[in-house]
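What follows is a set of notes on a single structure, which appears directly below.
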Amino acid sequence: MKQLIQLKINGQVRDVAIDTNDTLLEVLRENLGMTGTKEACDLGECGACTVLLDGRPVHSCLTLAIRAQGREIETIEGLAQNDNLHPLQQSFVDRGAIQCGYCTPGMILTSKALLDGNPSPTEHEIRRAISGNICRCTGYVKIVEAIKAVAEKEA
Amino acid sequence: MRLPRFEYSAPTTIDEAVAELSEYKDEAMIIAGGTDVIPSMKQRRFTPKRLVDIRQIRGLEYIQSNKDIRIGSLTTLGFIEESGIINQRLPMLAKAAGEVGAPQHRNAGTIGGNLCLNTRCWYFNQSPFFRQCRPVCYKLGKDDDKCQLFPTRKGKANVCYSVYSGDTAPALIALGADVCIVGPGGERVIALMDLYTGDGKRPIALGFGDILKEVIIPFPSPLSAGIYLKHRLREAIDFPLVGVAVNIALDPKDGSCKQLKVVIGAVASKPVIVAGVDEIVQGKKFTDQLVDKVSSAAFDKARPLPNLLGCSQKYRKNMVKILTKRALPLALQKLTDNYTK
Ligand SMILES: Cc1cc2nc3c(=O)[nH]c(=O)nc-3n(C[C@H](O)[C@H](O)[C@H](O)COP(=O)(O)OP(=O)(O)OC[C@H]3O[C@@H](n4cnc5c(N)ncnc54)[C@H](O)[C@@H]3O)c2cc1C
Ligand code: SF4
């Protein structure tokens, strides 16, 4: 039987009817049509489905939607302000840090959480922060450069 | 893959949770961070009728330092990894917590879930699609089903050879940790090592209704230091192929060794304490020969089985020796650094 719950996504409260066995990933993509969050392995290995929960990166495929009530959920759709991309998004575009694009939303959210807590990370800290986000085009060098560029600009 | 259907409940007190778990017995399962429970349910290793979410229980998320250090079972690994107290007093634990999976697992995963982690093997931890090409194994099935690691073995009683792969347990056992468990009969405190049965089919010594409440770690003596080294295929995400924790305490009088603990992870269905290393080192100063002797003792004690993908059991056994050999000088270096500070 469906239950009505409220989720706070990118600052907006949304009503959704869910089953207890729905993951946050399924609710975002299927109930709300927010397909910016990607589904890949669906087993918490690849990081493509990363969203921020109370500011910290987690796998939305391992998060039960019912347990995300009352928490701040941030997805890739919440980053751009109108037509202006978030500095990290712009930097990824400018530096060719996007190839197939599948890892990008997760990668950008993970880097956002990093920079929010630590505005001038070392390269090692950047690499460690994104270690749970697999890029199968193996564009890591450009991804790290894109994150570093934002950190340097903001510093 | 969709999760199977289940009933969900979120008790807000530990007593309610114990009562519910006691009532539903093997039909209920605890979910804490869910980073192991959810993939296991997606892959139909378990299909509990009821999931009991213990994360809504208040007051199980803390790090306290009074007579000893106490960590509530719902404390996330990410919090432990970054905690000032833990980095200062138990750096080996901060390091071990930081070695689990990837940042996403550590942000959701709890210390309680990490200690109660189910055992793994290359058959058990596969998709149902993969598993269906073979018969159901002993752990997943009934008592007369065969272990798929040795499906043709005849005559012997069935054994499950799955491996316990938690990263914090070896470090915590080397630090002498206890755990407090709340169950239908009240509270009890046991040595962390006694949480592990060594039986791959039922690896965790908890009964129906038991909840791990907190981890209790004695303050390490000032002249002691520990190191946890983990070996895995990639530097992140992967479970350990082998993990080694060493903890050395020196005698303040003459700098000789007073106590040594070596604990190996991911080579058996429970963490393995290398017995007899105390006799090798007690009253002696650490030399290269002594380090060799201890590493050989660890090598002898480690009996990895062909239960993981990625490398041979022989390689894993050799890595036990190499990691021990690397860890001991690192721990000694840390002791000297602390002493001269
Ligand atoms: C891709 C991937 C990689 C991983 N890599 C590692 C790794 O390198 N090292 C590692 O150690 N782990 C690893 N894990 C496993 C897991 O993420 C961690 O062990 C985590 O700490 C589990 O905690 P949790 O709170 O999410 O547990 P849950 O999934 O909620 O629970 C795990 C088990 O413990 C039981 N349980 C939980 N809390 C309690 C309690 N308080 N009392 C009694 N029983 C309880 C549950 O019923 C369940 O059986 C990995 C997982 C994935 C998906
Ligand atoms: S080791 Fe255990 S889990 Fe793996 S196939 Fe054998 S019985 Fe099953």
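The values are calculated or read from the model by the stated rules, or taken from the named source; none is laboratory data. Keep in mind that this is a model prediction, so the values were computed, not measured. Here the Cβ positions follow ideal geometry from the backbone for every residue, glycine too, while neighbour counts run over all protein chains shown.
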Can we say B:Val267 is aliphatic (A, V, I, L, M), modelled with pLDDT of 95 or more, touching a Lys or Arg at 6+ places or on another chain (Cβ under 7 Å) and surrounded by fewer than 23 Cβ atoms within 10 Å (Cβ to Cβ)? no
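Quick one: which of B:Gly209, B:Gly198 is within 14 Å of ligand 1 (Cβ to nearest atom) and not acidic (Asp, Glu)?
B:Gly209
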Residue pairs qualifying under the 9 Å Cβ cut-off, at least six apart or on distinct chains, with the first in segment A:1-22 being surrounded by fewer than 17 Cβ atoms within 10 Å (Cβ to Cβ) and the second being assigned to a loop (DSSP other than H, G, I, E, B) and of a type in the set (Gly, Ala, Ser), are A:Gln6/A:Gly70; A:Lys8/A:Gly70
Can you go through B:Asp199, B:Asp167 and tell me which one is acidic (Asp, Glu) and crowded, with 19+ Cβ neighbours inside 10 Å? B:Asp167
Within segment B:85-125, can you find the residues that are within 13 Å of chain A (Cβ to nearest Cβ), within 6 Å of ligand 1 (Cβ to nearest atom) and either surrounded by fewer than 24 Cβ atoms within 10 Å (Cβ to Cβ) or within 14 Å of the chain's Cα centre (by Cα) (or both)? B:Val100, B:Gly101, B:Gly109, B:Thr110, B:Gly113
So, restricting to helices (runs of 4 or more DSSP H) that lie completely within segment A:81-150, which ones have at least 3 residues that are surrounded by fewer than 17 Cβ atoms within 10 Å (Cβ to Cβ) and more than 14 Å from chain B (Cβ to nearest Cβ)? A:87-94
Qualifying positions in segment B:49-93 - under 17 Å from A:Ser131 (Cβ atoms) and of a type in the set (A, V, I, L, M, F, W, C): B:Leu77
Specify the residue that is farthest from the other protein chains (Cβ to nearest Cβ); the eligible residues are those in segment B:30-54 that are of a type in the set (S, T, N, Q) and away from ligand 2 (no atom under 16 Å from the Cβ). B:Thr47
Residue set B:Val215, B:Val182; condition away from chain A (no Cβ under 14 Å) and farther than 30 Å from A:Gly47 by Cβ; output residue B:Val182
Might you let me know whether segment B:263-271 holds any residue that is assigned to a strand (DSSP E or B), closer than 17 Å to B:Pro220 by Cα and either outside the structural domain of B:Pro91 (by TED's automatic domain parsing) or out of contact with any Cys (no Cβ under 6 Å at 6 or more places or on another chain) (or both)? yes
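A quick yes/no check of all residues on (1) charged (D, E, K, R); (2) at pLDDT below 95:
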site	(1), (2)
B:Gln282	no, yes
B:Lys293	yes, no
B:Ala298	no, no
B:Gln313	no, yes
B:Lys334	yes, yes
B:Lys341	yes, yes
If we keep only residues of segment B:153-193 that are touching a Cys at 6+ places or on another chain (Cβ under 8 Å) and among the aliphatic types (A, V, I, L, M), then the residue farthest from ligand 1 (Cβ to nearest atom) is B:Val159
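For (1) within 25 Å of B:Ala205 (Cβ to Cβ); (2) more than 16 Å from ligand 2 (Cβ to nearest atom); (3) in the same structural domain as B:Leu212 (by TED's automatic domain parsing), each residue gets a yes or a no:
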position: B:Asn66; (1), (2), (3): no, yes, yes
position: B:Thr75; (1), (2), (3): yes, yes, yes
position: B:Phe79; (1), (2), (3): no, yes, yes
position: B:Gln88; (1), (2), (3): no, yes, yes
position: B:Met92; (1), (2), (3): yes, yes, yes
position: B:Lys95; (1), (2), (3): no, yes, yes
position: B:His105; (1), (2), (3): yes, yes, yes
position: B:Leu117; (1), (2), (3): yes, no, yes
position: B:Lys139; (1), (2), (3): yes, no, yes
Out of the residues in segment B:249-272 that are under 20 Å from the mean Cα position of the chain (by Cα) and among the hydrophobic types (A, V, I, L, M, F, W, C), which is nearest to ligand 1 (Cβ to nearest atom)? B:Ala266
From the set of residues in segment B:21-31 that are within 7 Å of ligand 1 (Cβ to nearest atom) and farther than 15 Å from A:His59 by Cβ, which is nearest to the chain's Cα centre (by Cα)? B:Ile30
Consider A:Glu72 against the criteria (1) more than 12 Å from chain B (Cβ to nearest Cβ); (2) surrounded by 17 or more Cβ atoms within 10 Å (Cβ to Cβ); (3) in contact (Cβ under 8 Å) with a residue 12 or more places away in the chain: it satisfies all of them except one. Which criterion is unmet? (2)
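Only one residue in A:Leu32, A:Leu4, A:Leu53 is within 13 Å of chain B (Cβ to nearest Cβ) and modelled with pLDDT of 95 or more, so which one is that? Walk me through how you get there before you give the answer.
Details: A:Leu32 fails: within 13 Å of chain B (Cβ to nearest Cβ); A:Leu4 fails: within 13 Å of chain B (Cβ to nearest Cβ).
Exactly one residue qualifies, and that residue is A:Leu53.
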Among the numbered criteria (1) within 27 Å of B:Glu279 (Cβ to Cβ); (2) within 14 Å of chain A (Cβ to nearest Cβ), which single criterion is violated by B:Ala236? (1)
